[in-house]
Amino acid sequence: MAGAKTIIGIGLAALGRPEYINVKQTAVSNKSEETFKKNAFKVLDDAYEQGVRYYDTAPSYGKGEKYLQEWNDTRSHQGVFLGTKWGYTYVADWELGYDGKHEIKEHSLAKLFGQWEVSKKLLPNLKYYQIHSATLESGVLENKEVLEKLAEIKSEYGLKIGLTSSGENQKTIIQKGLDVVVNGEELFDSFQVTYNILENSTNAILKSALANGKTVIIKEALANGRVFENENYPAYKNMYALLEKLAAKYNVGADAVALRFCMDALAPSIVLSGASSSSQLEANLKAYNFKLTEEETTQLNELSVESDFYWKERSELNWH
């Protein structure tokens with residue numbers, strides 16, 4: 001693994017439910033729950049065999065939390081550490097083409113209590129417990145009762161408490177999280193952030209967080225599939241050309257280059273693969289096989305777009 005500082009983990013967003021926000025269709029054509037479970041367990045088994053040790057899920061990932069718990073309980077692997085979240089509820093109920101929001105946000109104390117009762121079954125391998133998509137609008141970072149309950153969970157179970165962020169206010173959310181203190185101690189130990197070639201506006205604040213001992217977990221490193229050449233995104237032709245050139249040079253796919261960019265530009269603690277099949281996972285893990293030069297990292301970094309544009313475009317993506 002080339003002595004990489006960053007490790008690659010796997011997120012279950014596309015493994016636990018039949019549809020996900022993405023440009024490309026999921027790798028699983030049969031959408032039955034039985035088929036999805038079988039595929040999820042195969043990907044998790046293959047991931048472990050290939051050295052993956054961090055697994056990240058959430059209640060809103062359909063059956064993701066349930067799958068991870070059952071897989072973890074039946075395998076009894078050594079060295080596995082898990083992360084989950086609270087604050088979103090999956091409501092699409094496995095309905096394909098669901099007409100409405102697939103997940104509903106609620107950052108209330110009652111929701112924290114309810115979801116923690118389920119999530120704590122992932123103990124003792126549960127290491128990261130995170131607020132799912134903290135926002136300024138939900139007020140969760142100012143909710144004294146919620147923050148005190150999280151501090152209580154942290155103290156009682158020895159967990160790392162984190163938050164995940166999305167949207168053009170990611171920098172503000174991270175800073176507010178870094179400033180939260182409960183009972184004289186900083187509450188948040190980890191920050192799971194959308195970061196990729198197109199959206200890397202949080203680079204400076206994340207490097208500061210890393211320097212201060214925080215865990216940084218990168219999600220959506222493939223920009224929900226937008227790093228793959230697509231005629232619907234002509235504005236990204238320069239990115240596609242550079243990714244094709246680098247992929248050929250290093251004998252990998254564009255996905256591995258995109259993951260490697262995150263590793264070399266930021267050196268985060270963990271970069272998540274969102275693979276929905278074992279073949280996708282294998283391709284993602286090739287990011288361990290090479291290192292981008294400083295010039296190549298800079299060239300990719302210069303392809304970033306304004307945050308407001310990035311998030312507007314993301315909001316227009318469909319669930320597949």
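The values are calculated or read from the model by the stated rules, or taken from the named source; none is laboratory data. On a predicted model such as this, the values are computed, not experimentally measured, just so you know. Here the Cβ positions follow ideal geometry from the backbone for every residue, glycine too, while neighbour counts run over all protein chains shown. Please note that ligands, DNA and RNA were not included when accessible areas were found on the heavy atoms of the full protein model with its side chains. Shrake-Rupley method; radii C 1.70, N 1.55, O 1.52, S 1.80 Å.
Below, the figures for the structure above:
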{"quantity": "Karplus-derived HN-Hα couplings along the stretch 248-259 (A = 6.51, B = -1.76, C = 1.60, θ = phi - 60°), whole Hz, x at Gly and Pro", "calculated": "5, 4, 9, 6, 9, x, 4, 4, 5, 5, 5, 5"}
{"quantity": "For the chain, with +1 on Lys and Arg beta carbons and -1 on Asp and Glu, the positive-most of L178, G79, S138 along the dipole", "calculated": "G79"}
{"quantity": "Interchain or long-range residues, amide H under 5 Å from T194's placed H", "calculated": "S165, K219"}
{"quantity": "Positive dipole terminus of the chain, leading residue within S269, N196, M239 (C-beta point charges)", "calculated": "S269"}
{"quantity": "Exceeding the 22 Å Cα-Cα cut-off - candidates K5/K171; K66/K286; K160/K207; K38/K154; K144/K312", "calculated": "K5/K171; K66/K286; K38/K154; K144/K312"}
{"quantity": "Per-residue [θ]222 nm for the chain (sum of -39500 (n - 2.57) over DSSP H runs n ≥ 4, rounded to 500)", "calculated": "-12000 deg cm²/dmol"}
{"quantity": "Placed amide H near R17: partners under 5 Å, 5+ positions off or other chain", "calculated": "K63"}
{"quantity": "Residues whose placed amide H lies under 5 Å from that of I7, excluding near-sequence neighbours", "calculated": "I270, V271"}
{"quantity": "Per-residue ³J(HN,Hα) for the stretch 274-284, Karplus 6.51 cos²θ - 1.76 cosθ + 1.60, θ = phi - 60°, Hz, x for Gly and Pro", "calculated": "x, 4, 10, 8, 5, 5, 5, 4, 4, 5, 4"}
{"quantity": "For the chain, Kirkwood radius (reciprocal of mean inverse C-alpha pair distance, Å)", "calculated": "19.8"}
{"quantity": "Within the accessible area of the chain (1.4 Å probe), percent carbon and sulfur", "calculated": "46"}
{"quantity": "Among 193-202, 130-139, 45-54, the order from most to least packed when residues are scored by Cβ within 10 Å on average", "calculated": "193-202, 130-139, 45-54"}
{"quantity": "Stretchable slack from Y157 to A235, in nm (0.36 nm times residue separation minus alpha-carbon distance)", "calculated": "23.3 nm"}
